[in-house]
1. Tell me the net charge near Ser42. Cut-off is 14 Å between Cβ atoms, Ser42 excluded, with +1 for each Lys or Arg and -1 for each Asp or Glu.
2. For a 31 Å ceiling on Cα separation, which of these pairs sit above it: Lys50/Lys80; Lys50/Lys114; Lys50/Lys128; Lys45/Lys134; Lys45/Lys102; Lys80/Lys141?
3. Using a simple spin-label model with points 7 Å from Cα along the Cα→Cβ vector, what separation in nm is obtained for Asn29 and Ser84?
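The numbers here are math on the coordinates, done by the rules we state, and not lab data. Values in this document were obtained by computation on a predicted structure and should not be read as measured data. Because the Cβ atoms are built from the backbone with ideal geometry, glycine has one as well, and the counts that use them run over all protein chains shown.
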Amino acid sequence: MKSLTSNMNVKMPYLLVLGGRSVDDLTANGNLLFRGVNTWLSVNKLVLNKSNTDATFFGTKWSKVVKPPYSTTHVFELLKRLNSIRYGFRVISRYLNNMSMKILYHANFESILKYGIMFWGRNRFIQKNFVVQKRAVRLLK
């Protein structure tokens, strides 16, 4: 009998953080880390989807973190997505009870918002996403 996990297509996102004093140190640390991750994955019979693997580099300049310019783009994309989900909540709130709405909120809205907070939490535009969250919570009755 096959195990249950052999028939499942599970996607598990992870965030690995590493640092170095120079680009060469960072590259060496990154290569070491990914070799270790690949070894662990193959020992546990798991596969790394390289097409969905990405690296984001942050640097310091005058004692402040310099983020890539696309961080604001991501926050606004997150805002569009959350507004779309909130509209769906508004439409179906007439047909579902409060418990079902809470389940949908945690499954759809909160999980996406948590990812955005975790990754871009210090962005100055993230406050707009919290306003959308307040509006979504009001729909929970």
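1. Numbers: positive: Arg35, Lys45, Lys50; negative: none.
Local net charge: +3.
2. Details: Lys50/Lys80 27 Å; Lys50/Lys114 24 Å; Lys50/Lys128 33 Å; Lys45/Lys134 43 Å; Lys45/Lys102 36 Å; Lys80/Lys141 23 Å.
Listed pairs above 31 Å: Lys50/Lys128; Lys45/Lys134; Lys45/Lys102.
3. 3.6 nm
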